[in-house]
Amino acid sequence: MDDQWQGTGPGRPGGGGRVLVTVFAAVLALGALLGYQGELPGVARPGPDVAVAPARPMPRPPLDAEDVTRDVSPVLVNITATTRAFGAAAAGSGIVLTGDGQVLTSHHVVKGAKAVQVSRVTDGAVYNARVLGYDARADIALLSLTGAAGLAAARIGSSSDLRVRDEVVAIGNAGGSGAATAVPGRVSDLDSTIMAVNEQDFSRQALTGMLEIEAPVSSGQSGGALADHTGAVVGVIAAASGEQDPPPGDTADPPNGYAVPIDAAMRVVRQIRSGTPTESVHIGPAATLGVVISDAGPRGARIDMAIPGLPGQSAGLASGEIVTSIDGRAVTSARALRTAIDTRRPAEVVRLGVLEPDGDTRVVSVRLAPG
């Protein structure tokens, strides 16, 4: 199935992003006025009663979606990620960053994957991929393609240059078709906050600082490129909201797309390349207990299901039990347990403090699996 975040929270047109743009424009205009200390020949300085009109930004050239798609397609790849649980597969997109096969994509495209395969849009060449690292909070992951060399790499722009109403085009593997489908639209907000729902495992993730686009982005385009009128990548497609094909006469909200600004995405990439993990950036492949968890009251992570064939079940964890500690440190919530596991690597052994439904406690050692 195709993998796509669905945005369910408020995209705030004209919200914080617009205020920020207004402030920056004012600061830049003031800097331009005060940065020159000399006199201009034949021009008198304005007196105290003379108003100076603010400079207006030059309008962008019109965007030709076909030309931009033609330029960007050679640096796009299609991604198929097979998950360990239930053998499900997710289809998404990626952006080639380097000739030796580093690929930028959305974290949720490869989340929980036991195998990732990548094919180039232009010629269908297939590569196996491994996850170099990811930031789940930013929904960004960096892959490395095995045996890749001489690949065309994307031209990275700057999302800080974007303005509301700028024309952009979202390009990715729509519907998992394998083709580079382009959807043009305009930027409607520079700083949206949404609650995204993963169609694959129904997990939820708050995404902040997102670019909102008035365009019918669809499943499979996650991880694809948001490009400007020059063909530079200015965002990584992450989510969609609204009805893609509303019935005639339907007054529902029109579909919108959301993208991670490329400046934020590349900060994550640089952190992964440094090899230094942070609170949110994980280096290397993910590890898993193989359990579905939720918050337990008043503290702890309740096991709702131990997935057959994965480490939790093999170690004897069962539904209804509560994980209260990991390696001697208290676990206060489901999120706390996920965060702790996210700092581990596959094959590491963790010791879990477990509270049984009858009130007994025990310590369980679990060897983590990839995914």
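The values are calculated or read from the model by the stated rules, or taken from the named source; none is laboratory data. It should be emphasised that the depicted structure is a prediction, and the values quoted were computed from it without experimental measurement. In this analysis, Cβ positions are derived from the backbone assuming ideal geometry, glycine residues included, and neighbour counts consider all displayed protein chains. Quick note on the areas: whole protein, heavy atoms, side chains included, nothing else; ligands and nucleic acids left out. Shrake-Rupley method; radii C 1.70, N 1.55, O 1.52, S 1.80 Å.
Ignoring ligands, DNA and RNA, what percent of the accessible area of segment 287-370 is carbon or sulfur (1.4 Å)?
50 percent
About its Cα centre, the dipole of segment 287-370 is roughly 320 debye, where the only charges are +1 on Lys and Arg Cβ and -1 on Asp and Glu Cβ. Packing, taken as the mean count of other beta carbons within 10 Å per residue, orders the peptides 352-364, 128-140 from highest to lowest as 128-140, 352-364. Normalising the average separation of contacting C-alpha pairs (under 8 angstrom, six or more residues apart) by the number of residues puts the relative contact order of segment 287-370 at 32 percent. Heavy atoms of the protein chains alone define the surface here; on that basis segment 287-370 has 50 Å² accessible area per residue at 1.4 Å probe size.
Each peptide among 180-190, 254-264 gets the average number of other Cβ atoms lying within 10 Å of its residues, and from highest to lowest they stand as 254-264, 180-190. The distance linking segment 73-148 with segment 153-214 is 17 Å (Cα centroid to Cα centroid, whole angstrom).
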